[in-house]
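Notes follow once the structure below has been shown.
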Amino acid sequence: MKESNKYFEEDVPSQRLNLINQIKNHKILRLVRYSTLSPEDAAGPYEIPHSSLFRLTNGPLLMTLESGLTIGFASLPELVSITLWVEETESGEHGDEIVISEDSTLLSIDSCDPVYSEKSICQLIGKQVVRIKLLKRRPKSARVASRPCEAGIIFEVEGGFEFILSHGLHNYSDDFAIIYKHELLPYFMEEIEEIII
């Protein structure tokens, strides 16, 4: 049965709690980053080490769960927020948008890539997600106050390891990145609220 297009729409986490709930208590089968940068470009002006390319490059992330559901993550600067959507259902259905995994302009990097990823990220594969928290920024200006400001999602997997899908929380930018809690800039700690979702 074909899902409605709304099911595939990209939106902020608070508007896609149905997807968040489908991640909880499921194991991560695969994580793939789709980079807009080549390793050479990333290492040059962006100063991203090769081993951190998976985490810090520009481009979306696809998370496939043991159920077969694949969820996409990115961020939208105009919303000051992380976004997510259904990339592929358990039965292999896609929305009407371009399928990221088929975009030949993007470089796919697997979380277990021996050159472009880190061992700690590879170890997420096969782990169950036990808790998900939303990082909501308290805006300091009226201009930002009208936006969702859902600047991060913390995933905790079995064993207690956490990783964050972040909208610029590590470098004051509009960059979407996968970071660790110790990489959150102290500047943001006072204006971030953690909400269990």
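The values are calculated or read from the model by the stated rules, or taken from the named source; none is laboratory data. If you're wondering where the values come from, they're calculated on a predicted model, not measured in any experiment. Cβ placement follows ideal geometry from the backbone for every residue including glycine, while neighbour counts extend to all protein chains displayed. Heads up: the accessible areas ignore ligands, DNA and RNA and are worked out on the full protein's heavy atoms, side chains in. Shrake-Rupley method; radii C 1.70, N 1.55, O 1.52, S 1.80 Å.
For this structure, a couple of remarks:
- Selected residue (criterion: farthest from Leu65 (Cα to Cα)) from residues of the stretch 174-184 that are free of Cβ contacts under 8 Å to residues at least 60 places away in the same chain and exposed (fewer than 14 other Cβ atoms within 10 Å of the Cβ): His182
- Considering the conditions (1) under 16 Å from the mean Cα position of the chain (by Cα); (2) among the acidic types (Asp, Glu); (3) open to solvent by 20 Å² or more (accessible area, probe 1.4 Å), Asp113 is excluded by exactly one of them, (1).
- The residue pairs whose first member lies in the stretch 158-173 and is farther than 16 Å from Glu191 by Cβ, whose second member is surrounded by 12 or more Cβ atoms within 10 Å (Cβ to Cβ) and among the β-branched types (Val, Ile, Thr), and whose beta carbons are closer than 7 Å, counting only pairs six or more residues apart or on different chains, are Glu158/Val130; Glu162/Ile154; Phe163/Ile178; Leu165/Ile82; Leu165/Ile153; Leu165/Ile178.
- Checked against the criterion of being under 16 Å from the mean Cα position of the chain (by Cα), within 12 Å of Leu31 (Cβ to Cβ) and either part of a strand (DSSP E or B) or among the aromatic types (Phe, Trp, Tyr) (or both), the stretch 89-108 has at least one qualifying residue.
- Hits in the stretch 121-140 (condition: open to solvent by 50 Å² or more (accessible area, probe 1.4 Å), in a loop (DSSP other than H, G, I, E, B) and not charged (D, E, K, R)): Gln123, Ile125, Pro139
- The single condition among (1) farther than 25 Å from Cys149 by Cα; (2) open to solvent by 60 Å² or more (accessible area, probe 1.4 Å) that Val99 does not meet is (2).
- Residue selected from the stretch 41-61 under the condition surrounded by 15 or more Cβ atoms within 10 Å (Cβ to Cβ) and among the hydroxyl-bearing types (Ser, Thr, Tyr), by the criterion farthest from His170 (Cα to Cα): Ser51
- Enumeration of residues in the stretch 76-96 that are open to solvent by less than 40 Å² (accessible area, probe 1.4 Å), of a type outside the set (Val, Ile, Thr) and closer than 22 Å to Ala177 by Cβ: Ser81, Leu84, Trp85, Glu87
- Taken over the stretch 9-40, the criterion of being surrounded by 15 or more Cβ atoms within 10 Å (Cβ to Cβ), in a helix (DSSP H, G or I) and over 16 Å from the mean Cα position of the chain (by Cα) is satisfied by Pro39 alone.
- The residues of the stretch 150-173 that are assigned to a loop (DSSP other than H, G, I, E, B) and open to solvent by less than 40 Å² (accessible area, probe 1.4 Å), listed by number, are Gly168, Leu169, Ser173.
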